[in-house]
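Just so it is clear, none of the values below were taken in a lab; they were calculated from the coordinates. Just so it is clear, the structure is predicted and the values come from calculations on it, not from any experiment. Using ideal geometry, Cβ is built from the backbone for each residue, glycine included, and neighbour counts are taken over all protein chains shown.
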Amino acid sequence: MTDEQLIAQLKKRDRNALKSVYLNYKTEFFKFMSRYNAKNDVLEDIFQDALIVLYENAQSGKLDALKSTVKTYLFGIGKFMLFKHFRDSKREVPTEETYLFDQYEQAVIEDVYEDEGPNDYQKQMAASFKKLGDKCREILELFYLQGMKLGEITVRQGYDNKDVAKSQKSRCLKSLKQLIGKKDG
């Protein structure tokens, strides 16, 4: 199962998807976290808490445009939680020189803990996006969210050629911009 499929299943509240994440990553999570000298019961709690955050973020759509793997995201959450546990228990946190977060890991952590949800513009954009027709929503999702190239979209959508797909994408984007520009009243 791909990460995109896994996230889609988590969004549908599929417990088997959550079980799959649990079974596939638990052992590796413990191995990864063992370098921080935490007790197994603490790691078990953190792993379960990180799974809950992953599940809730999938539900809320925060993982729809995830740039890392689900595994990297889960481990980043766990690492942040473990460091927070060390700080809260006044235990020495591993020094930054020893265990630096890379820039992407830090961005994921900040996204998880500091995101206050979508702003008004983002909410309006999401509402406008839902008003588009199915074909428009699909072509924009394929291009912007899934990163498909126009040639791939042409084949998938059954367009005659790439120029038709490009024109359709342009019209859909224009429609979306017009919907966003309208004030709902």
Response to the item:
So, with points 7 Å from each Cα along the Cβ direction, the residue 135-residue 1 label distance in nm works out to 3.3
Discussion item. Can you tell me which lysines have their Cα less than 30 Å from the Cα of residue 177? Leave out same-chain residues fewer than eight positions away.
Written reply: 11, 12, 62, 67, 123, 130, 131, 135, 149, 162, 166, 169
Item to complete: Multiply the residue separation of residue 11 and residue 56 by 0.36 nm, subtract the distance between their alpha-carbon atoms, and state the gained length in nm to one decimal.
Response: 15.3 nm
Fill in: In order through the range 50-60: 3J(HN,Hα) via Karplus (6.51 cos²θ - 1.76 cosθ + 1.60), integer Hz, x for Gly, Pro
5, 4, 5, 4, 4, 4, 5, 5, 5, 4, 7
Fill in: Two-site FRET efficiency, residue 44 against residue 145, from Cβ-Cβ distance with R₀ of 45 Å, rounded to 0.05
0.85
Item to complete: State the answer as a single residue: which of 122, 159, 147 lies farthest towards the positive end of the charge dipole of the range 120-181, with beta carbon charges of +1 for Lys and Arg and -1 for Asp and Glu, about the Cα centre.
Response: 122
Fill in: Hz values of 3J(HN,Hα) by residue in the range 16-23 - Karplus curve (6.51, -1.76, 1.60), Gly and Pro given as x
5, 5, 5, 4, 4, 4, 4, 5
Worksheet item: To the nearest 0.05, what FRET efficiency results for residue 30 and residue 160 with a Förster distance of 41 Å applied to their C-beta separation?
Response: 0.15
Worksheet item: Which ³J(HN,Hα) values, rounded to whole Hz and listed in residue order, are derived for the range 70-85 from phi using the Karplus coefficients 6.51, -1.76 and 1.60 in 6.51 cos²θ - 1.76 cosθ + 1.60 with θ = phi - 60°, glycine and proline given as x?
Response: 4, 4, 4, 4, 4, 5, x, 4, x, 5, 4, 5, 5, 4, 5, 4
Fill in: Sites matching trypsin sites (Lys or Arg not before Pro) across the range 15-62 that sit in DSSP coil, with at most 11 neighbouring C-beta atoms within 10 Å
39
